[in-house]
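To start, the structure itself, in structure tokens.
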Amino acid sequence: MNRYNQEEMPSTKPPSTKGWFWIPLRILLVSFLLSLLSFAVCLLLGILGLAISARLRGVHPDMALAYRHFAFPAAAVIGGIALIVVTTMEFRHYRNRAGVSPEPWR
């Protein structure tokens, strides 16, 4: 007589690691979307800041400054940070799914 219920026992076979080639696509897509979102938010904040400062000084605002000196550099920095963070998260997820411990001491 078998003491263990075979249906409830976890499989000892490691999960499939097929599909690793989608990782770079997901990394680039998420990084691009986060960069685009940060560009839009920073541009909105830059336009609002320029409009308020121009209104207080009584001059016409130069909206090109919002693109060149505020939104684009901020989006580039946030995009670089997003690329590093998303790459780290994707590889951790891939390793955990493959059954590899992320810490070498375990």
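The values are calculated or read from the model by the stated rules, or taken from the named source; none is laboratory data. Note that the structure is predicted; figures quoted are calculated from it, not measured. All Cβ positions, even for glycine, are placed from backbone atoms using ideal geometry, and neighbour counts span all protein chains on display.
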Inset, instruction - Can you give me the number of residues within segment 52-76 that are loosely packed, with under 14 Cβ neighbours inside 10 Å, without any contact (Cβ under 8 Å) to a residue 24 or more places away in the chain and either assigned to a helix (DSSP H, G or I) or in contact with a strand residue (DSSP E or B) (Cβ under 6 Å, 6 or more places away or on another chain) (or both)? - result: 9
Inset, instruction - Please enumerate the residues belonging to segment 21-51 that are modelled with pLDDT under 90 and surrounded by 10 or more Cβ atoms within 10 Å (Cβ to Cβ). - result: 22, 23
